[in-house]
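Below is one structure; the comments refer to it alone.
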Amino acid sequence: MVKKQTAGRDNLGDFAPKFAELNDDVLFGQVWAREKELAPRDRSMITVASLMSQGLFPQLEAHMKMAKQNGVTKEEMVEIITHLAFYAGWPKAWSAFDIAKKFMGNKTK
């Protein structure tokens, strides 16, 4: 069973309750729950790629953590970032690697 997402309500529930509801109940409650159509691991890889490509590093940090929980390995994350460096930009890849090291392990060798 997928853990119920509460980040929207936890962070924005009082300030932007409708946005919080859409985040928790629709995006994560309905879209991410469609595991028959696309596994959470695959959704995580797609989301990480999209966020890195756009340079949305605060959101990328949260989704890299989620990606690890969803089974994305350090080797896969390194490959995603390396591949995207040529499409999204070298500086974005450097920034993404700094975030990935927090969640995927900090070893450089």
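The values are calculated or read from the model by the stated rules, or taken from the named source; none is laboratory data. Keep in mind the model is a prediction, meaning the values are calculated, not measured. Cβ atoms come from the backbone with ideal geometry, glycine included; neighbour counts cover every protein chain shown. Ligands, DNA and RNA are excluded from the accessible area calculation, which covers all protein heavy atoms including side chains. Shrake-Rupley method; radii C 1.70, N 1.55, O 1.52, S 1.80 Å.
Assuming charge only on the beta carbon of Lys and Arg (+1) and of Asp and Glu (-1), the dipole of the chain about its Cα centre is about 360 debye to the nearest 20. In the context of the full set of protein chains, the chain has a per residue accessible area of 68 Å² (1.4 Å probe). Between Val26 and Phe86, the simple label model (points 7 Å from Cα in the Cβ direction) yields a spacing of 3.7 nm. Taking the protein heavy atoms of the chain in the context of the full set of protein chains, the accessible area attributed to carbon and sulfur is 59 percent at 1.4 Å.
Note on Glu76: accessible area approximately 50 square angstrom, rounded to 10, probe 1.4 Å, nucleic acids and ligands left out. Full extension of the chain segment joining Glu79 with Lys101 gains 6.6 nm, where the gain is 0.36 nm per residue of separation less the Cα-Cα distance. With a Cα cut-off of under 12 Å and a minimum spacing of 8 residues unless on different chains, the lysine pairs in the chain number 8. Principal axis extents of the C-alpha atoms in the chain (largest first, rounded to whole Å): 43, 31, 25. Averaging the Cα positions of each part gives two centres, and for segment 13-45 and segment 59-85 these lie 18 Å apart.
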